[in-house]
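Comments concern the structure below.
The values are calculated or read from the model by the stated rules, or taken from the named source; none is laboratory data. Because the structure is a prediction, the values reported are computed rather than measured. In this analysis, Cβ positions are derived from the backbone assuming ideal geometry, glycine residues included, and neighbour counts consider all displayed protein chains.
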Amino acid sequence: MSTVTRLDWRPTKTDLLVGAVVVNAEILAVLVYLAVESITIDSWRFILYAFLWINAGLYAVAKTRPAEASPRTRRIALLVAGGYFLVLAVAGGLVGPSHTSPLASLLTDGHLHSHGTTAAGSFELRLLPPGWGPAFVYQGSWLLVILMPYKVVGYLSLAYLVYATVIDAAGSALSGSLGLLSCVSCTWPVLGSLATTVFGSGSLVVVAATTWPYDVSTVAFLATVALLTWRPLARRR
């Protein structure tokens, strides 16, 4: 029978030292980027949000150890975590239909948009600000892949935490549902549309979901990471 085995989530002196080094490196990366690229950052909070996703995700993974379990349990947990990551990847815009795919034409009422994609697909590396970039973009005839560092690290971290939580066999329903809310590109605009219908277009719920999607999704992501790391509903057996 498995036992819940997770490390103390509270930071040690070593954790604080490593954290200070990481934060300083991130600040340096931003300064170097601004010195090389002739751009102006209008809202610094978006840079902060990207690093919050990355740092919180990596810290939670470092503080989590899956419990001992049978091979069958681990396979099931891996399958659930893989499916969970796939859902977040699609909902969060990491993976989706290409602009030239038949599926995209269905979603856009038959209006296809061609961007010069060849049959073999096109690859592009976009030098976005640190945390958001460098972003790898692939567009083929059917598939569009946009890999931003903060999303990749964030969603992989959530998947790992879900893997550990499934093995613990407790708390996954609550934490998993919150994890889906961390989708930036899809979840909150959809919830905003639903809220408009239910509460009216002037409600605070609608304003929050449609005006501050990155703010709200970051709060949801951090809450999810906290729940999956702490796992207050987990039982020791």
Inset, instruction - Being among the small types (Gly, Ala, Ser) and more than 20 Å from Gly131 (Cβ to Cβ) is the filter here, so list the residues in the range 149-170 that pass it. - result: Ala164, Ala169, Ala170
Inset, instruction - Quickly run through the range 1-21 and pick out the residues that are farther than 18 Å from Thr64 by Cβ and at pLDDT 90 or above. - result: Leu16, Leu17, Ala20, Val21
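In the set Leu48, Leu52, Leu88, which member is among the hydrophobic types (A, V, I, L, M, F, W, C), part of a helix (DSSP H, G or I), modelled with pLDDT of 90 or more and within 23 Å of Ala164 (Cα to Cα)? I'd like the intermediate steps shown before the answer.
Numbers: Leu48 fails: within 23 Å of Ala164 (Cα to Cα); Leu88 fails: modelled with pLDDT of 90 or more.
So the residue among Leu48, Leu52, Leu88 that is among the hydrophobic types (A, V, I, L, M, F, W, C), part of a helix (DSSP H, G or I), modelled with pLDDT of 90 or more and within 23 Å of Ala164 (Cα to Cα) is Leu52.
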Legend entry - Matching option when the condition is surrounded by fewer than 18 Cβ atoms within 10 Å (Cβ to Cβ) and at pLDDT below 90, among Val95, Val32: Val95
Inset, instruction - Kindly check whether there is at least one residue in the range 61-70 that is in contact with a Leu (Cβ under 6 Å, 6 or more places away or on another chain), of a type outside the set (S, T, N, Q) and surrounded by 16 or more Cβ atoms within 10 Å (Cβ to Cβ). - result: yes
Legend entry - Residue under evaluation Thr40, criteria (1) among the β-branched types (Val, Ile, Thr); (2) free of Cβ contacts under 8 Å to residues at least 60 places away in the same chain; (3) assigned to a helix (DSSP H, G or I), criterion not met: (3)
Inset, instruction - Assess whether Ala20 counts as being under 20 Å from Tyr155 (Cβ atoms) and assigned to a helix (DSSP H, G or I). - result: no
Inset, instruction - Return yes when Leu52 is surrounded by 18 or more Cβ atoms within 10 Å (Cβ to Cβ) and in contact with a Ser or Thr (Cβ under 7 Å, 6 or more places away or on another chain) and no when it is not. - result: yes
